[in-house]
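The numbers here are math on the coordinates, done by the rules we state, and not lab data. If you're wondering where the values come from, they're calculated on a predicted model, not measured in any experiment. Here the Cβ is made from the backbone with ideal geometry for all residues, glycine too, and neighbour counts use every protein chain on show.
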Amino acid sequence: MKKDVYILGIETSCDETAASIVKNGTVIVSNVVASQIESQKRFGGVVPEIASRHHVEEITVVIEQALQEAQLTPAELDAVAVTEGPGLVGALLIGINAAKAFAFANSLPIIGVHHIAGHIYANQLVEPMEFPLLALIVSGGHTEMVIMREHGSFELIGETRDDAAGEAYDKVARVLGLPYPGGPHVDKLALASDTAVEFPRAWLEKDSYDFSFSGLKSAVINYKHNLEQRGGTLDAGAVAAGFQQSVVEVITVKAVRAAKEYQVKQVIAAGGVAANKGLRASLEQAFTEQGIPFSVPPISLCTDNAAMIAAAGTEMYLSGVRGDLSMNGRPGIQLSSWSN
Ligand code: KG4
Ligand code: ZN
């Protein structure tokens, strides 16, 4: 009988300190996330130095807890997978150093995982991947479309030319006076509003799969300024709804076009903005109409977590990928294939 593979995942690239143990790349045995949102809220965003300090305080506790909840000892693990990048370098280093120490102390292999590969593999925790697939990654730092022809193969077909979708959400939320992180608040306001302000759609060139959200963000800011100058009162719900409609329509139309062109068997959404109710509903409807299976992980697996890192790490482990103790934080690392 094939032996089960248990991987400890560690994620500290931004403001969540997370550790998780995943069995065979598909079953979550434990999943611990210590969020700093409460503490970063008063700054209206993530302050790198504060993020690092939180990670230092939490990392050992979170790893211990992941082992305890899984009722496993380090000797029962097969490897440690840790986010190598992209992210805040100081934050990444806390997770990487903890992973190295843990791996060294317990004679385990260490594997460096790309954060976006992690977001994509969160879907493996829900259902198996069918290739070729289109992965739509929408997070605070990324808006990308990637074609995967097999495990570990990533072909970037489009990305944002300026702001990431989540970044635009957070900025618009700030303009509307909503707390950080703004995405979920804008989502809620948008869904509750009966009216929507009309904002532009950034289609870019006809064949492009790239995105752009900074023009839309400026349109929202200009709309607010103009209204204030005229002494009008802002209907935050209508602004949120108009902004969300623009983001959702562009992402949905481009994702459908890409899925058809590349004749994919499955479309998966990943990243924090994939938690957006409006976007999920729009993508679900569009792909049902097209007859293309669409899947998106539950909200807790869309935002940063370590189960997704362990899931991607398991595929890398099974493909023979190994890191070593010279591993360093790589804040700007590109998503590259580990299979050919
Ligand atoms: O993937 P993630 O947790 O961290 C990064 O790797 O960036 O994504 C965080 C981003 C934030 O910008 C947050 O506002 C956004 O995801 N987000 C949402 C929603 N939930 C989280 N954006 C829109 N609607 C949501 N419901
Ligand atoms: Zn992320």
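Key figures for this structure:
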read-out	value
Mean-position separation - Cα centroids, region 273-295 and region 176-215, in angstrom	17
Cβ charges +1 (Lys, Arg) and -1 (Asp, Glu), total dipole of the chain, debye	280
Isotropic mean projected area of the C-alpha convex hull, region 106-196 (nm²)	9.4
Candidate lysines - alpha carbon under 16 Å from LYS206, same-chain residues fewer than 8 apart omitted	LYS254, LYS260
Rounded to 5, percent antiparallel among DSSP beta bridges of region 131-296	55
Contour excess over end-to-end distance, with Cα ends at LEU191 and ASN226 and 0.36 nm allotted per residue	10.2 nm
Whole-Å distance, taken between Cα centres, linking region 231-264 and region 84-146	27
ILE96, ILE59 arranged by Cβ crowding within 10 Å, fewest neighbours leading	ILE59, ILE96
Order of THR143, THR26, THR12, THR73 under a 10 Å beta carbon neighbour criterion, fewest first	THR73, THR26, THR143, THR12
All Cα pairs of the chain, percent lying beyond 24 Å	54
Over 20 Å between alpha carbons, listed pairs LYS41/LYS171; LYS3/LYS265; LYS41/LYS224	LYS3/LYS265; LYS41/LYS224
Exposure proxy ranking, count of Cβ atoms within 10 Å, fewest first, for GLU69, GLU84	GLU69, GLU84
Residues in region 293-327 reached by a label modelled at VAL5 [backbone nitrogen below 12 Å; 7 Å Cα→Cβ]	310-322
0 to 90° range, to nearest 10: angle between helix 48-70 axis and the chain longest Cα axis	50
Residue-wise HN-Hα coupling along region 234-249, computed from phi with Karplus coefficients 6.51, -1.76, 1.60 (Hz; x: Gly, Pro)	7, 9, 4, x, 5, 5, 4, 5, x, 4, 4, 4, 5, 4, 5, 5
Dimensions (Å) - region 41-127, Cα atoms, principal axes, largest first	41, 31, 22
The chain: angle of helix 277-290 to the longest principal axis, Cα-based, in degrees nearest 10	90
Hydrodynamic radius of region 1-159 per Kirkwood, over alpha carbon pairs, in Å	16.5
Of LEU67, LEU318, LEU77, the one that fluctuates the most in a GNM where the chain has Cα springs shorter than 10 Å	LEU318
3J(HN,Hα) from dihedral phi, region 15-24, Karplus parametrisation 6.51/-1.76/1.60, rounded to Hz, x for glycine, proline	10, 10, 9, 9, 9, 7, 10, 10, 9, 6
Extension gain (nm, one decimal) between GLN263 and SER337, 0.36 nm per residue minus Cα-Cα	24.6 nm
DSSP-defined antiparallel bridges as percent of all bridges, the chain, nearest 5	60
Where GluC sites (Glu not before Pro) fall in DSSP loop in region 152-246, at most 15 other Cβ within 10 Å	GLU198, GLU205
Translational diffusion coefficient (Stokes-Einstein; Kirkwood radius from C-alpha pairs) of region 131-296 at 10 °C, 1.306 mPa s, in µm²/s	98
